[in-house]
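The values are calculated or read from the model by the stated rules, or taken from the named source; none is laboratory data. On a predicted model such as this, the values are computed, not experimentally measured, just so you know. Every residue, glycine as well, gets a Cβ built from its backbone with ideal geometry; the counts of neighbours run over all protein chains shown.
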Amino acid sequence: MLYSLYELGHMSVAPLRIAALMQSSMLRSPFNPMGGTEAGRTAAAAADLFESMTRRYRKPEWQLPTTTINGVDVGVTPVSAWSSPWADMIHFERDADALKQARGDKSDPTVLIVAPMSGHYATLLRDTVSAFLPDHEVYITDWADARMVPVIAGRFDLNDYIDHVMGMLRSLGPQTHVVAVCQPGPAVLAAVALMAEEDDPCTPASMTIMGSPIDARKSPTAPNLLAEQRDIGWFKTNMIHTVPAIYPGAFRRVYPGFVQLASFMGMNLSSHVDAHRGYFENLVKGDGEPADKHRKFYDEYLAVMDLSEEFYIQTLVEIFQEYRLPNGTMTHRGRKVDPSKITKTALLTVEGENDDISGIGQTQAAHDICGNIPEQMRRDYIQPGVGHYGVFSGRRFRTEIYPRVREFMRNFHSNASRGVRKLRVVGQD
């Protein structure tokens, strides 16, 4: 019912949003004498603010047309290299001729970046991808919006997520490096453990886990405490809703994106209010640069996706309530997940000093449970002065964190690795 009411509210306000767009356009016309007055600028700014707050934000584009390698501009094209109804693995293909001009015959390590399935689209990691592009063949998981997946495609839970990670790693082959950003850390660690136990030749050469709840008991944050304080029945009653019939995933039970967004913004409501007040003031003053930065940030931040009920609930129980991975009780389709089986995959953990999503120690816990990785194959790094998003984006990520990740991968990358792989594999294996 809540989902249907939300859609009804969005449709009801559509005429007002269109009127606001028309008013803004009219007031900013060079032929309108009111446009240059304070009253005109204020009215136009108010119309812009109303439109931005009532708009439906679509999945953003990657907007990474080029990368620069040794002073050479190299074209980049995102293409799907592996797919299922629930995900695409996007390969950022670099133009072969320009790449050869920049690199010669040298090949770059392959890295799979596993993006969170936690409300925002994979494009939230645009800065992460951009940093890796000059030195790596970059692939990323692009998870599907659950409201767009027909019920006939079946369920998707944490076991399926782990299967997807293993399937992608196998399609990329040996000597791939994997990077888990935030939420997927436990699933990626589980996937690597399962592959290591099988002595799978496609077990990754290195595993980098960034700002992730490997053990959410350590330095608990507000989201961790909420998960502990409420029983699972409360979450099912208050957070799970049915997709309306207007979407391909009609009647699927989901954790809606708009509910997640309300939770995200509620954690730092005052800062969001201040940001929108500043946006309004800059529009009135005609200060375009900070207004453009505001729009760019919120175009990404306000674009959200639904999660399947079973994935959300299973993740909540296993990772945030019962702590099965650090407790040694996690299973995958009835098979125990045993991180002690990981012996040949190097491990790097990265945390932010001021992370209010995954507190200090939660990611470091990976070292505790991966006890058989040789000491010389482990690294841990805490970045001073950054919060959660600063672990994988922003200036300090680009200048301080990424160089350490790049060096770590180079240290544990075989010289026998292959060159660029052209994949067009569809499926999970």
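Structure data summary
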quantity: Subset of segment 389-422 [buried (at least 17 other Cβ atoms within 10 Å of the Cβ), touching a strand residue (DSSP E or B) at 6+ places or on another chain (Cβ under 6 Å) and either at pLDDT below 50 or more than 22 Å from E93 (Cα to Cα) (or both)]; calculated: G390, V391, I401, F408, F412
quantity: Tabulated pairs, segment 15-31, first free of Cβ contacts under 8 Å to residues at least 40 places away in the same chain, second not in a helix (DSSP H, G or I), C-beta under 9 angstrom, 6+ apart or interchain; calculated: R17/R55; M26/N32
quantity: The listed residue being assigned by TED's automatic domain parsing to the domain that holds G173, under 23 Å from M409 (Cβ atoms) and charged (D, E, K, R), out of D73, D105, D97; calculated: D105
quantity: Meets criteria (assigned to a strand (DSSP E or B) and either loosely packed, with under 13 Cβ neighbours inside 10 Å or touching a residue at least 12 places away in the same chain (Cβ under 8 Å) (or both)) for L348; calculated: yes
quantity: Qualifying positions in segment 69-92 - in contact with a Ser or Thr (Cβ under 7 Å, 6 or more places away or on another chain) and within 18 Å of L169 (Cβ to Cβ); calculated: W82, A87, D88, M89, I90
quantity: Scope segment 245-294; condition of a type in the set (F, W, Y) and surrounded by 14 or more Cβ atoms within 10 Å (Cβ to Cβ); matching residues; calculated: Y247, Y255, F258, F264, Y279, F280
quantity: Top-ranked residue in segment 94-140 [being aromatic (F, W, Y) and at pLDDT 95 or above; ranked as farthest from P186 (Cα to Cα)]; calculated: F132
quantity: Unmet requirement for S340, which otherwise passes all of (1) crowded, with 18+ Cβ neighbours inside 10 Å; (2) of a type outside the set (D, E); (3) in the same structural domain as T203 (by TED's automatic domain parsing); calculated: (1)
quantity: Residue within segment 233-244 that is over 27 Å from M148 (Cβ atoms) and either in contact (Cβ under 8 Å) with a residue 12 or more places away in the chain or crowded, with 19+ Cβ neighbours inside 10 Å (or both) present; calculated: no
quantity: Residue list for segment 322-340, filter: of a type in the set (V, I, T) and assigned to a strand (DSSP E or B); calculated: T331
quantity: Some residue of segment 141-160 being modelled with pLDDT of 95 or more, touching a Leu at 6+ places or on another chain (Cβ under 7 Å), surrounded by 21 or more Cβ atoms within 10 Å (Cβ to Cβ) and assigned to a helix (DSSP H, G or I); calculated: yes
